[in-house]
Amino acid sequence: MEKVNVILDTDISNEVDDQFALTYLVKSLKNCNLEAITIAPFEKSGYSKVKSIEEGLDVSFETAGKILDMIDACKYKKKMCKGALKYFFESKESNLAVERIIEIARKNEKTTIIAIGAITNVALALYHAPDVVNKLEIIWLGGNSFLSEKNNEFNFRQDVEAVKYVFNSKVKLTVIPCRNVASSLSTTIYELNHYIGKCGEIGEYLCQIFKNCKRAYRENENDEIGESKVLWDLSAVAYLLNKNWFTCKQISCPKILKDLSYKQTKGKHKVNFVMDMNRHKIYQDFFLKMGYKNQK
């Protein structure tokens, strides 16, 4: 089986789920060729305390390298590139990540970008090299489902103009909505401790950052009762690995309105929207690749 060429575009220090996603991807490289890890911009995150996009890029770069060290994947550190210092709506200036995306796209027959942050770097690559539009496939976690009135979601709202540009570029695009779709990937510290807590340094680390994240959002001690968290970004990696775990629908490219809601259209190019996913299969695959062994 020919390996799929993959670029991971991530704002990995914005939230803890990116760190799970990078780990999952690197542990799934039997059928994938990881060409690059590009760092996406972010700021004003509820989780991260960075004060600027530049600081966010620096911290994300450091975090990605730390994860790669823990999973004995140091060779991929040389494939890391920092991305945009400004959002697409602010500047069309290129950067190392964009140049790397374009270079990879041009040399390969097909390259898949797993985008799990603001889609700025992807939009810039398509803007500077429209010739690669037919050589790329984009899997983007962003926005919400059509059941939600608005797309007031972090990845979406940070750079709406980038979203519009990618949507209208006619690139092969799969959108994984957050609310009502990827939100099915909720888990608890008890589940994580059971399945990955004893899977070496990386398992302990992922459990710890999960606990720290949940602790930071508690308003009182009772909030720990019944507590869970969604690891949104696992969905985008899982879609690359096995599309049979997902229910999708091809629709005419929607229009994005001023209030960030979608308006359905007719007769435009198709965009693939994920409608549902098999949580069981995704977590089962992740836990087994992390090294969990059933003792029964």
query: Where a Cα-Cα gap under 19 Å defines reach, which aspartates and glutamates qualify for Lys211, not counting those fewer than 8 residues away within the same chain?
result: Glu15, Asp17, Asp18, Glu191, Glu201, Glu219, Glu221, Asp223, Glu224, Glu227, Asp233
field: Cross-link reach list, lysines versus Lys293, counting only Cα pairs under 19 Å and skipping chain neighbours closer than eight places
entry: Lys27, Lys198, Lys281
message: If I stretch the segment between Lys75 and Lys266 completely, what's the gain in nm (0.36 nm per residue apart, minus their alpha carbon distance), one decimal?
response: 64.1 nm
task: Using a 10 angstrom cutoff on alpha carbons, build the Gaussian network for the chain and name the most mobile of Trp140, Trp245, Trp232.
output: Trp245
task: Would you calculate, for the chain, the mean residue ellipticity at 222 nm contributed by helices, counting each DSSP H stretch of 4 or more residues as -39,500 (n - 2.57) and dividing by all residues, to the nearest 500?
output: -11000 deg cm²/dmol
- prompt: Which ordering of Lys229, Lys293 is given by a fewest-first count of other beta-carbon atoms within 10 Å?
  reply: Lys293, Lys229
task: State the Kirkwood hydrodynamic radius of the range 1-139 in Å, one decimal place, computed from all pairs of distinct Cα atoms.
output: 14.9 Å
- request: Pick out, in residue order, every one of the trypsin sites (Lys or Arg not before Pro) in the range 1-47 that is DSSP loop and has at most 11 other C-beta atoms within 10 Å; say none if there are none.
  value: Lys3
statement: Between the alpha carbon centres of the range 94-130 and the range 26-63 the gap in Å comes to 15 Å
- prompt: Of the GluC sites (Glu not before Pro) in the range 215-292, which ones lie in a loop per DSSP and count no more than 10 other C-beta atoms within 10 Å?
  reply: Glu219
message: Can you give the FRET efficiency to the nearest 0.05 for Ser184 and Glu93, using r as the Cβ-Cβ distance and R₀ = 41 Å?
response: 0.60
- prompt: Cα to Cα, under 22 Å, and not fewer than 8 places away if on the same chain: which lysines meet these conditions relative to Lys263?
  reply: Lys150, Lys164, Lys170, Lys172, Lys249, Lys255
- line: For Leu85, the net charge from surrounding residues (Cβ-Cβ under 12 Å; K, R +1; D, E -1) works out to -4
- prompt: Please state the relative contact order of the range 155-273 as a whole percent: Cα pairs under 8 Å, 6+ residues apart?
  reply: 31 percent
20 Å cut-off, amide nitrogen to a point 7 angstrom out along Lys150 Cα→Cβ, residues in the range 217-239: none
Coil-residue GluC sites (Glu not before Pro) of the range 1-104, DSSP, other Cβ within 10 Å capped at 10: Glu2
Relative contact order %, the chain, counting alpha carbon pairs below 8 Å whose residues are six or more apart: 18 percent
- prompt: Over the range 136-268, one equal point on each Cα, no solvent: what is log10 I(q)/I(0) by the Debye formula at q = 0.09, 0.12 Å⁻¹?
  reply: -0.35, -0.60
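Rule-based calculations on the coordinates, nothing more; no lab input. Model, not experiment: these values are computed from the prediction. Counting neighbours? That spans all protein chains shown, and the Cβs are built from the backbone with ideal geometry, glycine included.
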